[in-house]
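Structure record follows, encoded as structure tokens.
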Amino acid sequence: VTSLSHKVYLDVSRSHVVFIAGTRGSGKSYTMGVIAEGVNDLPDEVKSNLSIIMLDTMGIYWTMRYANKKDTQLISDWGLEAKPLDVKIFTPIGFFKKYKEQGIPTDYPFSIQPSEVTASEWLTIFDISQTDPVGVLIERVVGELTESKALFGMNDILDAIDSDERSEKTVRDAAENRFLLAQQWGLFSKQGTRIEDLVLPGQVTVLDVSCYTTLPGGEAVRALVIGLIAEKLFLQRMVARKNEEFKDIE
């Protein structure tokens with residue numbers, strides 16, 4: 001109790017990398033929720049410069065939307081108040097309707113443009129070698145589509161595989177089956193979700209990818225989502241930083 005009574009301050013005036021480690025059940029996820037709640041409680045003039053995305057692989061952060069009534073007495077003992085957070089919950093587009101029907105909290109569908117996934121990423125997801133005939137076909141098809149089209153969907157990939165004349169039918173069928181399986185993940189659409197919809201001033205966004213926990217190969221799918229979101233955020237931040245430095249020089 002003596003240790004826990006000390007206030008802990010987190011500098012939010014500049015970017016940091018924070019590593020939270022601990023054994024199972026020691027409170028790693030809870031700590032991340034506390035940080036999000038702390039940012040949410042900041043004054044508007046500070047909070048408006050920050051945005052939080054919680055990549056939820058376990059399906060637990062939707063509970064932040066509700067006040068913690070279970071620990072009312074404990075919260076009161078620490079001089080705190082149980083209150084809900086205004087979180088925005090995104091669910092993969094293929095699961096969005098199902099979640100709504102089952103009463104599982106969600107606000108918006110989330111999807112990825114197939115054209116944002118590189119050939120090497122497809123091979124990693126499907127666990128196929130570059131030298132495998134199916135891997136060679138996928139690399140060729142995705143590479144050609146990337147060169148010829150700025151934006152393409154799953155049907156474009158399937159059509160390109162079907163019309164490929166350099167590979168045998170068994171190879172085309174094997175590649176086609178992989179992408180038909182990927183369509184069942186309910187993750188891809190030609191439009192995709194803009195990063196600007198996830199990152200809004202003062203908003204706590206929960207991207208719930210826990211639906212892939214029990215899916216065969218779901219670990220690779222979750223890694224793909226997290227990797228693409230992280231990459232988009234990094235690129236946007238690089239552009240923003242250049243603009244900030246240019247203004248400072250002016």
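The values are calculated or read from the model by the stated rules, or taken from the named source; none is laboratory data. Keep in mind that this is a model prediction, so the values were computed, not measured. Don't worry about glycine lacking a Cβ; one is built from the backbone with ideal geometry, like all the others, and counts go over all protein chains shown. These accessible areas exclude ligands, DNA and RNA; they are computed on the full protein's heavy atoms, side chains included. Shrake-Rupley method; radii C 1.70, N 1.55, O 1.52, S 1.80 Å.
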key: Count of residues meeting criterion [modelled with pLDDT under 90 and within 22 Å of residue 225 (Cβ to Cβ)] in the range 19-32   = 0
query = On the given criteria, is residue 176 over 17 Å from the mean Cα position of the chain (by Cα) and assigned to a helix (DSSP H, G or I)?
reply = yes
task = Could you please let me know if residue 214 is under 18 Å from residue 58 (Cβ atoms), open to solvent by 80 Å² or more (accessible area, probe 1.4 Å) and not small (Gly, Ala, Ser)?
result = yes
key: Condition check for residue 194: open to solvent by 90 Å² or more (accessible area, probe 1.4 Å) and within 16 Å of residue 90 (Cα to Cα)   = yes
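Yes or no, residue by residue, for (1) of a type in the set (Phe, Trp, Tyr); (2) closer than 30 Å to residue 173 by Cα; (3) modelled with pLDDT of 90 or more:
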{"residue": "53", "(1), (2), (3)": "no, no, yes"}
{"residue": "92", "(1), (2), (3)": "no, yes, yes"}
{"residue": "111", "(1), (2), (3)": "no, yes, yes"}
{"residue": "122", "(1), (2), (3)": "yes, yes, yes"}
note = If we keep only residues of the range 138-157 that are open to solvent by less than 20 Å² (accessible area, probe 1.4 Å) and touching a Leu at 6+ places or on another chain (Cβ under 8 Å), then the residue nearest to residue 116 (Cα to Cα) is 152
task = Provide a single number: the residues in the range 195-250 that are over 13 Å from the mean Cα position of the chain (by Cα), in a loop (DSSP other than H, G, I, E, B) and closer than 18 Å to residue 14 by Cα.
result = 4
